[in-house]
Amino acid sequence: MISVAALANGAALSVSSTAGDLRAQVGDKAAEVTDLVVTGAVDAADLQFVNHQMPALRSLDLSGAVIASYSGERLMSGRSSSEAGVVPDYAFIDSRMTSIVLPASVKEIGEGAFAASDITAINIPPGVTAIGNAAFADCRALEQIMLPDGLLELGKGAYRNCTAATRAELGSSLSEIPERAFAGCSSLSTVFFPLNLQEIGPLAFYGIDVTNLTVNKCTSLKSIGDWAFADCRRLANVYLPSSDFKLGKGAFFSDEAFTADLTSLVKNSDSIPAYAFAGNASMTVTKFEDTRITKIGDYALRGLGSVDTVTLPASLDSIGTRAMEGWSALTSVDARNLGEKVPELGDDVWLGVAQGDVALVVTTPQSLLFSATPQWMDFAMKIIDPSALDDVAADASGHGVKGSIAGDLLTLESQGAEILGFQLYDLQGRMIALPQTSPAQTVTASVEAVGSSVVVVRVLLSDSSVAVLKLAR
């Protein structure tokens with residue numbers, strides 16, 4: 001049966017079809033029909049005809065139809081078969097239709113099925129359990145993304161570059177958001193995540209428009225992939241679950257409005273991956289010492305220009321290349337929790353930071369270790385336990401080291417291990433000189449530049465011991 005109604009700018013057509021017969025039902029009206037209602041059955045060949053040979057079509061209603069299986073000649077999609085109940089791969093790619101109503105019986109949407117089409121909205125039937133790769137990619141007029149509660153599988157790039165979409169509800173059963181699923185959805189400002197979410201894939205939400213990210217109720221979350229929320233220029237706050245999960249490289253890279261506190265984001269992690277928070281100038285870092293971070297990756301915290309003080313956690317083993325580059329507000333780094341461990345450093349960790357104006361807060365035993373290590377030695381050493389110097393004598397008999405100052409000449413003598421080097425401090429614990437020397441039993445140095453009347457000298461010996469002396473000028 002065929003029913004045709006005249007419209008102001010075209011024609012509405014209703015047909016009842018059997019699979020493979022739609023072309024015959026539409027006949028010579030194909031070029032002028034703007035609205036098509038189909039009952040009965042259609043297959044992949046019928047849908048190819050609708051998409052490619054009905055150029056004026058803007059509305060397709062399949063609510064009274066079913067999608068039958070197809071097996072036959074190779075179609076324009078490159079496929080020669082398609083299952084029943086499945087919107088075929090690339091069925092509506094590049095379609096100029098703005099409205100498509102699917103059969104209620106659809107159980108799956110194929111790869112690229114609606115890619116680059118002009119649809120503004122679509123109701124995905126509740127029985128759909130899988131949406132294929134790039135199924136709705138580049139649908140630049142699609143305004144909302146509503147996934148059914150029964151959806152179990154979402155393909156890579158499924159909604160990539162849906163630039164008009166402002167809201168996404170991701171159903172209740174989805175456990176994985178795959179690679180690039182919503183990347184480039186530049187207007188996407190509201191996202192509702194399924195509570196049983198376990199994985200957010202690489203680049204999954206790259207460049208979206210959210211200001212707040214709330215996944216703290218997703219208690220099964222295991223990982224946030226590489227660059228997953230990178231380049232989200234308005235993202236300010238992130239609320240993560242309290243359970244352990246893996247954070248990927250560049251996960252929050254170049255999120256310019258980011259004001260979240262670093263500790264709240266990594267408190268359940270043992271490392272900060274490369275580029276993870278790079279470029280986020282407004283981030284804060286408080287109570288960092290309460291974390292269990294062992295490694296800060298390359299460029300991981302580059303450009304955190306608002307951080308003025310940081311206390312390093314006892315667990316920290318290494319800081320990567322340019323990891324803290326551009327910390328222009330930095331005034332103090334507290335390393336006391338590290339004990340005698342000096343973390344390994346990559347290249348130019350504090351590039352662009354005036355380290356000579358930044359205090360490295362250490363204990364007396366730490367000072368010699370840090371001041372002898374490249375990059376660490378560039379800080380202004382600040383010892384915060386000067387009271388420990390009160391018992392220091394001019395004769396460190398336990399080490400066989402004696403010292404004296406005559407005029408501006410300091411002399412140190414060791415009766416045992418050779419002297420490898422020494423440091424000079426005032427009584428407030430400030431390092432005021434770091435003389436270099438060659439291994440010897442007796443060494444001398446000028447203290448002309450030292451204004452203090454009492455000088456504390458820390459002497460490093462070849463047997464790895466340290467002698468400390470307090471000498472009057």
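Here the extension length gained between R336 and S462 equals 42.9 nm, from 0.36 nm per residue of separation less the Cα-Cα distance.
Filter the cross-link list K267/K295; K156/K295; K156/K267; K382/K470; K341/K382; K382/K402 down to pairs whose alpha-carbon distance in this structure exceeds 23 Å. Listed pairs above 23 Å: K156/K295; K156/K267; K382/K402. Run the simple label-point estimate for A440 and S282 please: 7 Å along Cα→C-beta, distance reported in nm. According to this spin-label approximation, the distance is 5.9 nm. Volume per residue of the convex hull around the Cα atoms, evaluated for region 1-84, comes out as 83 Å³. Which residues in region 122-142 have a backbone N closer than 17 Å to a point placed 7 Å from the Cα of F192 along the Cα-to-Cβ line? Label zone hits: 122-127. Annotation: aspartates and glutamates with alpha-carbon distance below 16 angstrom to K29 (same-chain offsets under eight excluded): D21, D46. The simple spin-label model puts a point 7 Å past each Cα toward its Cβ; for T120 and S16 those points are separated by 3.2 nm. Taking a point 7 Å from the Cα of N216 along the Cα-to-Cβ direction, the residues of region 181-198 with backbone N closer than 18 Å to it are 191-197. Indicate the gyration tensor shape class of region 287-338 (rounded, prolate or oblate), computed on the Cα atoms with a ≥ b ≥ c the square roots of the eigenvalues: a/c under 1.5 is rounded; otherwise a/b larger than b/c is prolate and the rest oblate. Judged from the Cα gyration tensor, region 287-338 comes out oblate (a/c at least 1.5, b/c at or above a/b).
Based on the Kirkwood radius over alpha-carbon pairs, what value in µm²/s does the Stokes-Einstein equation return for the translational diffusion coefficient of region 85-383 at 37 °C and 0.692 mPa s? For the chosen part, D equals 160 µm²/s.
In terms of overall dimensions, region 59-102 has a Cα radius of gyration and Dmax of 11.3, 29 angstrom.
For the chain, the longest principal axis of the Cα atoms and the long axis of helix 44-53 meet at an angle of about 90 degrees. Within region 288-389, the proportion of C-alpha pairs whose separation exceeds 16 Å stands at 54%. Beta bridges per DSSP, both residues in the chain: antiparallel share near 40 percent. Once the chain from Q144 to R473 is taken as fully extended at 0.36 nm per residue, the excess over their C-alpha distance is 110.6 nm. Considering only Cα atoms, the convex hull volume of region 144-247 works out to 74 Å³ per residue. Amide H contacts for V66 (H built 1.01 Å from N in the peptide plane; partners 5 or more residues away or on another chain; cut-off under 5 Å): G40, A41, V42. Per-residue Karplus couplings for region 308-314, computed as 6.51 cos²θ - 1.76 cosθ + 1.60 with θ equal to phi - 60°, are listed in order as 9, 9, 8, 10, 7, x, 4 Hz, Gly and Pro entered as x.
Modelled spin-label separation between E418 and A380, with each label point placed 7 Å from Cα along the Cα-to-Cβ direction: 3.6 nm.
Every number here is computed from the coordinates shown, using simple stated rules; none is lab data. Keep in mind it's a predicted model, so treat the numbers as computed, not measured. Cβ coordinates were reconstructed from backbone atoms using ideal geometry, including for glycine residues, and neighbour counts include every protein chain displayed.
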